[in-house]
Structure formats: structure tokens, C-alpha cells
1. In the range 72-102, what count of residues is obtained for those that are within 21 Å of Lys40 (Cβ to Cβ), assigned to a loop (DSSP other than H, G, I, E, B) and not aromatic (Phe, Trp, Tyr)?
2. Residues Val47, Val56: which one is assigned to a strand (DSSP E or B), aliphatic (A, V, I, L, M), modelled with pLDDT of 95 or more and surrounded by 15 or more Cβ atoms within 10 Å (Cβ to Cβ)?
3. Within the range 104-115, work out how many residues are touching a Phe, Trp or Tyr at 6+ places or on another chain (Cβ under 7 Å), charged (D, E, K, R) and closer than 18 Å to Glu59 by Cβ.
4. Could you tell me which residue of the range 16-41 is nearest to Asn100 (Cα to Cα), considering only residues that are in a loop (DSSP other than H, G, I, E, B) and either modelled with pLDDT of 95 or more or of a type in the set (Gly, Ala, Ser) (or both)?
5. Restricted to the range 103-128, and to residues that are of a type in the set (Gly, Ala, Ser) and in contact (Cβ under 8 Å) with a residue 12 or more places away in the chain, which residue is nearest to Trp41 (Cα to Cα)?
6. Are any residues in the range 117-138 crowded, with 16+ Cβ neighbours inside 10 Å and outside any strand (DSSP E or B), and if so, which ones?
Amino acid sequence: MALKPIIIRQLESSGDDHLLQALARMTDPWYKLLPLSNGKWQPNTDVLEADDHYLVRMELAGVDKESINIYYQGDHLIVYGNRLDPLSKSAIRYLQLEVNYHEFERILILLREIEPESIEADFDSGFLMIKIPKQRLEESISRQIKVNLK
């Protein structure tokens, strides 16, 4: 079963958020990422599609498994947590700082039917893998439709 990548369109937080969000909905019918303006960092995220599920792969190197929270509410998949800087209490001076620390959050809006009660997550080697099963289509049922006279 081959997985196909789904391109993520990152929305930048600006005064034109509503326009960018409308554009994202028109150009990417499956989901979109919500912009954050609350100072939290967003982990790199891949979204892949197989025949029977979607797979969200999130890069979370250095994050403790216990600090990762995943919720599904409405059509939102919300992943948040915290990556602590082990050197933050040391008497050192940063000369270059590219790794994000502190609180992170990623919100995906799922615009297709899924089975939320069957979502599973695994964390291994710094990657969070979230498997989101697609909603099974009912067996095709044949039936006659009665026409009512008015």
C-alpha cells in the first residue's frame, strides 16, 4: 500500500488571514493548517494518504512523549506540547539559536470523513505518527425509491 504525500500549505499570520484561509480552502480541499499568532512554534509536519487511512508524520525530536497531547474535536486534529531546553538554566550565552523550544501547537482541519474513534498515535525516534482511518463506505445497497404523488 503506497502512501501519497499531500502538500501542506502553510498560512502566515497577518492582517489578511481570512483571505489566505479562503484561498487555502479553495486550493486544498482536504485540510488546512491554521496560523498561530500566540507565540507557539509549529513542528514540521507531513500528511500522507493511503487507500484506507491518512498518516500525519510530525517531527518532534527532543520532545518527551509525556508532554505530547493529541485531541480530535469537531473537524480539528490538535497536537500540542512542550520541548524543554536542557541548557536554559545554564550560565551560557547563545551564539546561534535555530531549534525551537517551549510550547508548540499544530492544528489541522480535516475536511473529509474519518473515523475519529479509531485514530492511533505512535512516537518513535523523534517522530510522532498519527494514523487517521478513513470512514468506510457502506456496502452499496440497492433499493427502489417510492415516488409519492402530491
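The values are calculated or read from the model by the stated rules, or taken from the named source; none is laboratory data. The structure presented is a predicted model; accordingly, all values stated were derived computationally and were not measured. Every residue, glycine among them, receives a Cβ derived from its backbone with ideal geometry; neighbour counts consider all protein chains shown.
1. Taking the range 72-102 first, the residues within 21 Å of Lys40 (Cβ to Cβ) are 72-88, 94, 97-102.
Then drop every residue that is not assigned to a loop (DSSP other than H, G, I, E, B), which leaves 74-75, 84-88, 94, 97-101.
Pick out the ones that are also not aromatic (Phe, Trp, Tyr) and you get 74-75, 84-88, 97-100.
So the count comes out to 11.
2. On the way: Val47 fails: modelled with pLDDT of 95 or more.
None of the others qualify; the one that does is Val56.
3. Counting residues in the range 104-115 that are touching a Phe, Trp or Tyr at 6+ places or on another chain (Cβ under 7 Å), charged (D, E, K, R) and closer than 18 Å to Glu59 by Cβ gives 1.
4. Going residue by residue through the range 16-41, those that are in a loop (DSSP other than H, G, I, E, B) are 16, 28-30, 34-40.
In the following step, the residues that additionally are either modelled with pLDDT of 95 or more or of a type in the set (Gly, Ala, Ser) (or both) were identified as 37, 39.
On the way: Ser37: 15, Gly39: 11 Å.
Per the stated criteria, the residue is Gly39.
5. First, pick out the residues of the range 103-128 that are of a type in the set (Gly, Ala, Ser): 118, 121, 125-126.
Those still in the list that are in contact (Cβ under 8 Å) with a residue 12 or more places away in the chain too: 118, 121, 126.
Numbers: Ser118: 28, Ala121: 21, Gly126: 16 Å.
It comes out as Gly126.
6. Ile119
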